[in-house]
1. Length gain on complete extension for the stretch GLN376 to ARG94, per 0.36 nm per residue less the alpha carbon to alpha carbon distance?
2. Solvent-accessible area per residue for segment 411-543 at a 1.4 Å probe radius, Å²?
3. Mind jotting down the distance between the C-alpha centroids of segment 372-389 and segment 344-364, whole Å?
4. Need the full-extension length gain, ARG164 to PHE543, defined as separation in residues times 0.36 nm minus the C-alpha distance. One decimal, nm.
5. Run the accessible area of segment 273-369 with a 1.4 Å probe and give the carbon-and-sulfur part as a rounded percent.
6. Given a cut-off of 32 Å, name the pairs among LYS427/LYS516; LYS399/LYS539; LYS105/LYS156; LYS61/LYS105; LYS368/LYS516 whose C-alpha atoms lie farther apart than that in the structure shown.
7. In nm², what is the average projected area of the convex hull enclosing the Cα atoms of segment 398-528?
8. Can you compute the modelled spin-label distance between SER493 and ARG171, with each label point 7 Å from Cα toward Cβ, in nm?
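The values are calculated or read from the model by the stated rules, or taken from the named source; none is laboratory data. What you are looking at is a predicted structure, and each value in this text was computed from that prediction instead of being measured. Counting neighbours? That spans all protein chains shown, and the Cβs are built from the backbone with ideal geometry, glycine included. SASA here: full protein model, heavy atoms, side chains in, ligands and nucleic acids out. Shrake-Rupley method; radii C 1.70, N 1.55, O 1.52, S 1.80 Å.
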Amino acid sequence: MPLIVNLKNKSCGAYSWCMQLVRMASNSRGSNSSMETIGLSSIEEAIVEVLPNLGATKLSKLVEILVDPARVGVTGVGDLPFVDEDDIKDHLSRIEVRKLLHHWKKPATSEIENESSADGSPGSQSDLNLSSVGDPEEEIHVPWFKMPPQLMSALKKEERPSPRLRKEMIRIVVDGILKPGNLQPRKRVLRLYAREIVAAYPESFRDEVDGEQVGTGFDSILSQLVNRVDNLGRDTQHNFLKRQLSPDETDQHTKKKISDYYGCVNWQPSTLPKGETEKTQSEKREMMKEVYESNNSDGGAQVDVAEMMRCTYASQRRDINNTKFVLETCMENWPYLFRRSHLLDHAKELLGKDLMEKVEESAGTKFKTIHSFMLQEARIQGEGMIADSVRLIDCAIKKRGDKMPLAIGTMMLLCNFAKEEFSQVVKSVKMTTDCDSLELPGTPCIIAIGEPLETDKFRISIGKTVTTKVENPLAALAVWFSMFFVFNLEYPSEANVLCEFMQRCVFGINPPAGTKSAKKTGKKASINSTVLKLTNQLKDFQFRQMWET
C-alpha cells in the first residue's frame, strides 16, 4: 500500500522527508545519463503543487517516466507543457492526469490586475485562470461552523445580517482562505466562495432597497471578499489591487446587441398582430402621420391613436432596431411615439413594467429613504455638494407644500454622491422658448422650465432635439428613463451611477447579466460598484433606523 503524505505545506518536515524518499527511490534504480543532471526537485515540486496527496512511490515512478529519454524525455519544468495524456495515463488516475495537464498547459497569467474603471467600479477583465490556493477544481467549503451564532440565526430566519455580522463572516472566510504558506487567492477562488455563500442563503444576502431587488448579492459579497484580501495584502511583497469582478464578454458586435435588448421582455416581436399585414401596418402609420400633421394630437373621432400605436408596436420596434436607424426619420414616421402617454405605453410593452407606476411608488418610499440617508451623510461630511442639495430640496418642499421636489432632488443627490454631472441629465431655462438656445447632449435630458425643484413644466430631449412635453416631475423622470430602453441607448458615462441606480432601485429592472452603462476603460461589470455600495449603505441605514425606533 503506497504511503500518502499531505504535501501542501512545503515548510513541514513531511515534505522534506518525502522528497528525500523520492530521491532515494530514484537512486536505487541507478543513475543513467540524464538523471544526474536534471533538476529533479523542480519537476517534483511541479507535480506536488497540483497533486499534494500523491503517494511517494507513485511520485517517484512518475518522475522517472518523465525524465527517461526513452519515454518522455523531460529535461526541466519548461518541458512539462509539452507532456501529453498518453505519456502519463498508465500511472495516474484520469482526474490526476487532467489536473496535471490543465495546470502545466495553462497560459501564464499576471498576478496583479490594475483597476480598469475610472470610477472605481469593478470592470470585466478576463478571469484569472487558476487560484494559487490549491487546484481550481478543488471543492470549496464555507466554514459555517465557525460563524457567530447570531449570524447563523439570522440566516436561518432568512433575515439580512447586520453590517457587523456580515463583516465578521467575510473575515472568517478570508482567514480560512489565507492559510499559512498560501499566496494571495486569485479572483476565481473568491468568486467560488461568493457563489456558495449566496447559494446557501439567497434571501439573506440579496441586495435590495425598500423591497426592490437590485441584485442577487453575489457581486456585493465578492466585492467585500476582494476588498478584505486586498487590505490584508497591502503590506506584503505584492500589492494586490482590486480585481475585475465580471466575466468575459463577447466581441463588440455581440455586446452592442446585448446592450440593446438588455432588460427587455419584448424587444422585437416575431410576428404582427392577428389580421395585420405589412400593408395594413403601413396604412396605419400614414394615417397617424396625417392626423398628427393636422394638429389633431388626440386623433379625435377620426382615429383611436392609442389603439393604432399598440397595433403597430412590432413595426415601431423593427424600425428602431434597424442597424440604419435614424432618429429624425423615426420622428417623422412615428410622431406619436414621442408623446408622453404613447412613449410610456411603448415602454410598458417593451419592459413588461409600468414605469409611471414604479416611479409613483418610489416617490412615497425610496425617495424619502434616500433623502433621509443623504441628510445623514451631509451631517457627517459637513459642508459640501450633498449638504447644499439637501437644503435646496428642503426649501422647495416647504415652498411647494408637497414632496414633488424629491423626484428631481433624488437625481441631484445621487449625482452628488457618485460625483457625477447633474447637468448632463437635467438642465433648466426660464421660458420654453429658451430651449432652442440650450446646448443639449445626445442622450436623453430633462429640461426644467423654471427652477428644477419647484416647477411642474418640463421638456425631454433626445439626440439634441426637444421632443416631449411633460407636466410634472415624476412623469419627467419616467419619460426620460424610458428613452434609454425604447431607443436602445447606453447610459451616459457622466451619469452611469445615477441611471443604473434608477434602473435597479426605482424601476426594478434587474437582468441577471449585461449592462447599459457606457464603457469608460476595460470591460463592463454587470452591476456598478458604486450602485452596490449605495444600495448596501441604504439597507444598513434602514437597519439602524429600525433598531433605533
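1. In short, 95.5 nm is gained.
2. That works out to 33 Å² per residue.
3. About 30 Å separates the Cα centre of segment 344-364 from the one of segment 372-389.
4. Contour length minus the Cα-Cα distance gives 135.3 nm.
5. That share works out to 46 percent.
6. With Cα atoms farther than 32 Å apart: LYS105/LYS156.
7. 8.2 nm²
8. About 4.0 nm separates the two model spin labels.
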